[in-house]
Amino acid sequence: MYPFLTRKCNSSFSATRGKGSTMGKSKQVGNHKSDKKKHISKTWKTKRRTKDLDQIHSDMKPDTATKLLNQEVDYDVTGCAQHYCLHCARYFMDMRSLKEHFKTKGHKKRLKLLREEPYTQAEAERAAGMGSYIAPKTVEVKTQTVEEDMD
């Protein structure tokens, strides 16, 4: 019927498509044409990445906090970098949206996470058996005070 399938040549190709082959579902998973979108999941995971809790704890130190809360005008940042939530590391358009943010679930959840003292290398060594373990302390964290400028 198909003479090219039964013809013998250097390769051992025959009408049965090789030894042990079954006519079933392909083993290929995914779309082979999506080479451009190969690492899209990593892009999605890091798109809205915020600061970690230990970075925020270092930002909450008084000298760093005053610098962050009183930034110079930057037109590339949301709200010209004038309305910044220190605990969430986010910029807001105006004072009203910043105050509304203080009432949200996300901000309150972040405050609760920041109550625990940041993890240190000394604590890791104590947990590994190099000394007696001391449970992490709680830190008092309150929502930042907002100064309204009436121009």
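The values are calculated or read from the model by the stated rules, or taken from the named source; none is laboratory data. From a predicted model like this one, the values you see are computed outputs, not experimental measurements. Cβ: placed from backbone, ideal geometry, glycine included. Neighbour counts: every protein chain shown. In case anyone asks, the SASA skips ligands and DNA or RNA and just uses the protein heavy atoms, side chains included. Shrake-Rupley method; radii C 1.70, N 1.55, O 1.52, S 1.80 Å.
Listed by first and then second residue, the pairs linking a residue in segment 114-142 that is modelled with pLDDT of 85 or more and open to solvent by 50 Å² or more (accessible area, probe 1.4 Å) to a residue that is among the acidic types (Asp, Glu) and not in a loop (DSSP other than H, G, I, E, B), with Cβ atoms under 7 Å apart and 6 or more places separating them unless they lie on different chains, are 119/54; 138/116. Residue 53 satisfies every condition listed in (1) within 25 Å of residue 148 (Cβ to Cβ); (2) in contact with a strand residue (DSSP E or B) (Cβ under 9 Å, 6 or more places away or on another chain) except (1).
Within segment 36-46, can one find any residue that is of a type in the set (Ser, Thr, Tyr) and either part of a loop (DSSP other than H, G, I, E, B) or under 18 Å from residue 142 (Cα atoms) (or both)?
Our first condition is that a residue be of a type in the set (Ser, Thr, Tyr); within segment 36-46, this holds for 41, 43, 46.
Those left that are additionally either part of a loop (DSSP other than H, G, I, E, B) or under 18 Å from residue 142 (Cα atoms) (or both): none.
Scanning segment 36-46 turns up no residue that is of a type in the set (Ser, Thr, Tyr) and either part of a loop (DSSP other than H, G, I, E, B) or under 18 Å from residue 142 (Cα atoms) (or both).
Cβ-Cβ contacts under 7 Å between residues 6 or more apart (or on different chains), taken from a first residue in segment 96-107 that is assigned to a helix (DSSP H, G or I) to a second residue that is open to solvent by 30 Å² or more (accessible area, probe 1.4 Å), are listed as 98/83; 98/146; 99/146; 102/143.
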